[in-house]
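In what follows, a single structure is set out as structure tokens and then discussed.
The values are calculated or read from the model by the stated rules, or taken from the named source; none is laboratory data. Please read all numbers here as calculations on a predicted model, not as lab measurements. Backbone-built Cβ (ideal geometry, glycine too); neighbour counts: all protein chains shown.
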Amino acid sequence: MEILLSAVVAFAICLLVTPFLIKLLTRFKAIDSGGGRKIHRGSIPTMGGLAIFVSVMATLAIFSSMIPLNREVLYIVGAISLMALLGFTDDALNLKPNRKLFIMVVGATLVYIAGIRIWSLYGFFGIHTLPPVASYLITVFTIIVIINAYNLIDGIDGLAGGIGATTLFCFALWFMLNDKMFGTILCLSFTGALLAFLHYNWAPARVFMGDTGSLMIGMACAICTLIFIQENSMMAANDPLHFKGYVAAGVTFVAYPLYDTLRVFIIRIRNHRSPFSADTQHTHHYLLRLGYTHSKVTTIILMVNFAGMVVFWALSYFIPSYYVVPIILLTAFLGALYLRKVELRNRLVEIEQGDDPKKPQ
């Protein structure tokens, strides 16, 4: 039970640190002004992810006697800290994409060196063990994709924090059942800190986590996903904690950020635009245009995300990944079709009301 205190400690620290940080950020004008494609109005302090980072690192220090200080732990902490630093620098200076990508590669390389890697395709396309170069490239690519997916969903109050808290809490339970002390404390620390941060980040938000928080959360989720898949692949088939479709189960942990990012990229490419260009095509934008409030949109997405995780985990526990993955993809495709139908319906309503956005004003 003592290990559960890590979540309480992180929650308390973040709850106390965040108001002080809000005042400090406001004083130094580290704010995000509304306008343009941005949803919020007014000027809101950003870089709030610093409070999450401080809370998690302080909690790890407090419970350090329960954590084995080995290379894996040091490299994981280093990779997460590097993403927090990258996010903070980007929030402050608006770094060029190529520089951000380079630092992400460095962070992903730290994870690979720690021994957390994709070393096999587990029978997909008939491929099992990968050569070192392929293992490194696929691992780095996967980590960077997950990091950026979490960064891109951070577009509405409480969404990235809520998704991160839900995901990392589920990881914490799995680590706890597997007697993985460091993984449990790390995930519980993030869960506690994120829940406290949501008190200030829920609509109407008083602070944003910024890239400081979203990149760090993305790295933590990427690391845990790879560990989950790696550990499951080495478990005995009759182990009660073993998922038969462990690859699909691992993907399910980060399914919503990956789905939303892929859907938006496809829309942009189809419209002959850069997949990295800014727009209002994310799922939360559609729900907002349906008239839902910020808090309701966040709640809807969190509930659907959690329900999907439960359903696909249940399937993955009994069914191999090559059956579950197509079901996940089909569900994502149907979700995208539904959003497209909503978009067309809303556009027709606008035209009927004489408010065609394509007409010259």
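Test Leu287 against the stated conditions and say whether it is more than 25 Å from Arg206 (Cβ to Cβ) and of a type in the set (A, V, I, L, M). Even if it seems obvious, please write down each step before you answer.
Numbers: more than 25 Å from Arg206 (Cβ to Cβ): no; of a type in the set (A, V, I, L, M): yes.
Judged against the criteria, Leu287 is not a match.
So, Ile44, is that one over 20 Å from Leu186 (Cα atoms), of a type in the set (Val, Ile, Thr) and exposed (fewer than 15 other Cβ atoms within 10 Å of the Cβ) or not? Spell out how you get there, then give the answer.
Details: over 20 Å from Leu186 (Cα atoms): yes; of a type in the set (Val, Ile, Thr): yes; exposed (fewer than 15 other Cβ atoms within 10 Å of the Cβ): no.
In short, no.
Which ones in region 200-222 are over 11 Å from the mean Cα position of the chain (by Cα) and in a helix (DSSP H, G or I)? Working first, answer last.
Looking only at region 200-222, we keep the residues that are over 11 Å from the mean Cα position of the chain (by Cα), and these are 200-212.
Answer for region 200-222, where residues must be over 11 Å from the mean Cα position of the chain (by Cα) and in a helix (DSSP H, G or I): Tyr200, Asn201, Gly210, Asp211, Thr212.
Mind checking which residues of region 279-299 are buried (at least 20 other Cβ atoms within 10 Å of the Cβ) and farther than 14 Å from Glu343 by Cβ? Quick ask: steps written out before the conclusion?
Looking only at region 279-299, we keep the residues that are buried (at least 20 other Cβ atoms within 10 Å of the Cβ), and these are 282-284, 287, 294, 297-298.
Across region 279-299, the qualifying residues are His294, Val297, Thr298.
With (1) surrounded by fewer than 18 Cβ atoms within 10 Å (Cβ to Cβ); (2) more than 22 Å from the chain's Cα centre (by Cα); (3) touching a residue at least 60 places away in the same chain (Cβ under 8 Å) as the list, and Leu315 as the residue in question, which single condition is left unmet?
Just one mismatch for Leu315, condition (1).
From the list Ala222, Ala236, Ala255, exactly one residue is in contact with a His (Cβ under 8 Å, 6 or more places away or on another chain) and either closer than 20 Å to Tyr322 by Cβ or among the small types (Gly, Ala, Ser) (or both). Which is it?
Working: Ala222 fails: in contact with a His (Cβ under 8 Å, 6 or more places away or on another chain); Ala255 fails: in contact with a His (Cβ under 8 Å, 6 or more places away or on another chain).
Residue meeting the stated conditions: Ala236.
Just need a number here: residues in region 279-325 that are under 30 Å from His128 (Cα atoms) and not in a helix (DSSP H, G or I).
Residues of region 279-325 under 30 Å from His128 (Cα atoms): 308-325.
From the residues that got through so far, the ones that are not in a helix (DSSP H, G or I) too are 319-320.
Count: 2.
Which is out of contact with any strand residue (DSSP E or B) (no Cβ under 9 Å at 6 or more places or on another chain), crowded, with 20+ Cβ neighbours inside 10 Å and outside any helix (DSSP H, G or I), of Phe243, Phe197, Phe276?
Result: Phe243 is the single residue among Phe243, Phe197, Phe276 that is out of contact with any strand residue (DSSP E or B) (no Cβ under 9 Å at 6 or more places or on another chain), crowded, with 20+ Cβ neighbours inside 10 Å and outside any helix (DSSP H, G or I).
(1) assigned to a helix (DSSP H, G or I); (2) crowded, with 16+ Cβ neighbours inside 10 Å; (3) charged (D, E, K, R): which one isn't true of Arg99, the others all being true?
Failed condition: (2).
Hey, among Thr225, Thr212, which residue is at pLDDT 95 or above, more than 29 Å from Leu24 (Cβ to Cβ) and not hydrophobic (A, V, I, L, M, F, W, C)? If you could, list the steps in order and put the result at the bottom.
Numbers: Thr212 fails: more than 29 Å from Leu24 (Cβ to Cβ).
Testing whether each residue is at pLDDT 95 or above, more than 29 Å from Leu24 (Cβ to Cβ) and not hydrophobic (A, V, I, L, M, F, W, C) leaves just Thr225.
Hey, among Ile163, Ile138, Ile156, Ile118, which residue is crowded, with 18+ Cβ neighbours inside 10 Å, among the aliphatic types (A, V, I, L, M) and part of a helix (DSSP H, G or I)? Can you show your working first?
Numbers: Ile138 fails: crowded, with 18+ Cβ neighbours inside 10 Å; Ile156 fails: part of a helix (DSSP H, G or I); Ile118 fails: part of a helix (DSSP H, G or I).
Step by step, each of Ile163, Ile138, Ile156, Ile118 is checked, and only Ile163 is crowded, with 18+ Cβ neighbours inside 10 Å, among the aliphatic types (A, V, I, L, M) and part of a helix (DSSP H, G or I).
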